[in-house]
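Enquirer: Dropping a structure here in structure tokens format, bear with me for questions.
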Amino acid sequence: MPLETPVHVANELARRGYNAEPEAVTLLASAPDPGVALERTLETVPDDVVKLTADHVKSAVETRSRSGDPPGQTDPDGTADSADTRPGRDPSVSTGTSAGKSGNGAEDAPVETEGVGGESATAADDTSGSTAGSVGGASGGEPERGRTPADPDEQSVAVEGDFNSTGTGEYSDFVSVFRDRYEKLSSQLRGRVNHRPTDAIESMPGGSEAAMVGMVSDIRSTANGHWLVELEDTNGTFPCLVMKDRDIAELVDELMLDEGVAVDGTLADDGAILFVDSMYFPEVPRTYEPSTADREVEAALISDVHVGSREFEADAWHRFTDWLHTADADSVEYLLIAGDMVEGVGVYPGQDEELDIVDIYEQYERFSEYLKEVPGDVEIVMIPGNHDAVRLAEPQPAFDEELRDIMSAHDARISGNPSTVTVEGVDVLMYHGVSIDEVIAELPDDKASYEEPHKPMYQLLKKRHVAPQFGGQTRLAPEEEDYLVMESVPDVFHSGHVHKLGYGKYHDVLTINSGCWQAQTDFQKSVNIDPDVAFAPIVSLDTLDLRIHDFE
Ligand code: D5M
Ligand code: FE
Ligand code: ZN
């Protein structure tokens, strides 16, 4: 078998029962004849060795090391990584000049970088000399150097989100999750207004100024075209009227049921209704300053791999993992996968016909094989999505023991959906993204659409909740606490699910929807979903800049 790429080499070694350091794989793949180098190495290593090191390879193969080269650098004949001849592209995402006022939330139009979607995503390759160019392998005289493994002492990753499910689905759980949501969101809104509980407002005289914090329990338009928004707190509900000719009427478009807001205004003469003057969302404070890493290090953010689907793009995946083995990916030390590892079974009607692997466990086994192609020094974190074999209702628990065992090869960190992953000081909120469909369905196109999948995520940030609405498309499981509230502001917000790539900044929070690794399925065709396939957004953790690689 030809061994021209690190992945081929790693696979061949695995087939023969060997594990290998990434550096060893790189050395072999970059040898003049990788096949010969591999044979020679295996002949010379002691019998008890199961993990090949770079030293094993070096002592077996004559490498013509050039002086000054970093360890692991050899003098390949330029055939390394030849599998991919298509350079990735680097749209050089700016740090995104975020704007957007919060306060009364009257407007929030952060100047985000363009979403890459539809046409632009498949536009001609960029030749502007971006770093991504080296994906394509040796281009000209300079031979390509392989990956230099990360120093584990410098890496740090902590994951929060593997909650303990106590919910039983009973009424009392709904009461407690509602109370907890109210507590958490009202504490975020408290500074904005001097609010009173609904029962206190009920006993205030007509004409008084009043403010309240509540969850939206109903939105109706009146006969005159005004908006009647009913807010609920832990004491009861109160009707609030937003007049159609006021600026704030536009905010009603952004409201979703069950989200928490604050309002202030004046009570009607009979005290039975509040005329709203201002409305506030929990929001990301305008003063928010994201944290960054202390060194040059990057994280690749992906999702929706969908292994097991006939449309899973294995070749693109190989190009991605091959690239991770190159010097261009030296600083990519983390890989965060935001759900839908596999295609699953029985997820939608007629799915059987699109399955390549029909057994769910086999799907995870295959996924695990693909994961092995990722260099061993890359720390992986993954959470489930709606195609994965965990309960559908959110928050979704982490994969169970059986699935963890299947996926144990790479020692990935496995957590629930959503989770906050702190990578070298940078908080990345990972949420698969099912509620994004709902935000898009409920809000006007300019606020949320599939073409700009980061914008509905802005709405979630503004509402400080990953899945505001109960009882809609997003299935929510009541737990003692509302784990779906964003109690703290993330530095990076990462989702997938809608299979569209888009990114931008919302009040300085880098927001990314990472696309997918599955070509359009017949089912998606029938519902008009045109996916962005095989992009890898790479975040620089020290600057929060982004480069996007295209492995299609
Ligand atoms: O979701 C991929 C995308 O497809 C996401 O935006 C939801 C959409 N989708 C999934 N199922 C349906 C149905 N039944 N109708 C309409 N749109 C749908 P994924 O989670 O990968 O399936
Ligand atoms: Fe998906
Ligand atoms: Zn999904």
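None of the figures in this text is laboratory data; all of them are computed from the coordinates on show. The structure presented is a predicted model; accordingly, all values stated were derived computationally and were not measured. Neighbour counts run over all protein chains shown; Cβ positions are idealised from the backbone, glycine included.
Enquirer: Pull out the extension gain between K372 and D356, defined as 0.36 nm times the separation in residues minus the alpha carbon to alpha carbon distance; nm, one decimal.
Expert: Contour length minus the Cα-Cα distance gives 3.8 nm.
Enquirer: Another question, then. 5 Å is the cut-off here: which amide hydrogens, built 1.01 Å from N in the peptide plane, fall below it relative to V332, excluding neighbours closer than 5 in sequence?
Expert: Here the answer is E298, since their amide H atoms fall under 5 Å of that of V332.
Enquirer: Taking the Cβ-Cβ separation of D315 and D445 as r and a Förster radius of 30 Å, what is the calculated FRET efficiency to the nearest 0.05? Show your work: numbers first, answer last.
Expert: On the way: r = 34 Å, r/R0 = 1.15.
Working from the Cβ atoms, E equals 0.30.
Enquirer: What is the pair-distance distribution P(r) of the stretch 190-280, computed from all Cα-Cα distances in 5 Å bins starting at 0, with each bin given as a whole percent?
Expert: 3, 15, 29, 28, 18, 6, 0
Enquirer: Which peptide among 207-215, 403-411, 296-304 comes first, and what is the full order, when sorted by highest mean count of other Cβ atoms within 10 Å?
Expert: 296-304, 207-215, 403-411
Enquirer: Pop a pseudo-label 7 angstrom from the Cα along the beta-carbon direction at both T543 and T168 and give the gap in nm to one decimal.
Expert: Here the answer is 5.5 nm between the modelled labels.
Enquirer: Roughly how large, in nm² to one decimal, is the mean projection of the convex hull of the alpha-carbon atoms in the stretch 372-508?
Expert: The orientation-averaged projected area of the Cα hull of the stretch 372-508 comes to 9.2 nm².
Enquirer: Beyond a 27 Å Cα-Cα separation, which of these cross-linked pairs lie in this structure: K58/K372; K184/K455; K372/K463; K372/K455; K184/K244; K372/K462?
Expert: Numbers: K58/K372 23 Å; K184/K455 24 Å; K372/K463 38 Å; K372/K455 34 Å; K184/K244 30 Å; K372/K462 38 Å.
Pairs exceeding the cut-off: K372/K463; K372/K455; K184/K244; K372/K462.
Enquirer: Whole-Hz Karplus ³J(HN,Hα) for the stretch 314-331, in order, using 6.51 cos²θ - 1.76 cosθ + 1.60 and θ = phi - 60°, x for Gly and Pro?
Expert: Here the 3J(HN,Hα) series is 4, 5, 5, 4, 4, 5, 4, 5, 4, 4, 4, 8, 9, 4, 4, 9, 3, 8 Hz.
Enquirer: Related question: Using all Cα-Cα distances in the stretch 436-552, what percent lands in each 5 angstrom bin from 0 up to the longest?
Expert: Spelled out per bin, shortest first, that is 2, 11, 19, 22, 20, 15, 8, 3, 0.
Enquirer: Same structure, new question: Full extension from Q155 to R179: what is 0.36 nm times the residue separation minus their Cα-Cα distance, to one decimal in nm? Mind showing how you got there, number by number?
Expert: On the way: separation 24, 0.36 × 24 = 8.64 nm, distance 3.84 nm.
That works out to 4.8 nm of additional length.
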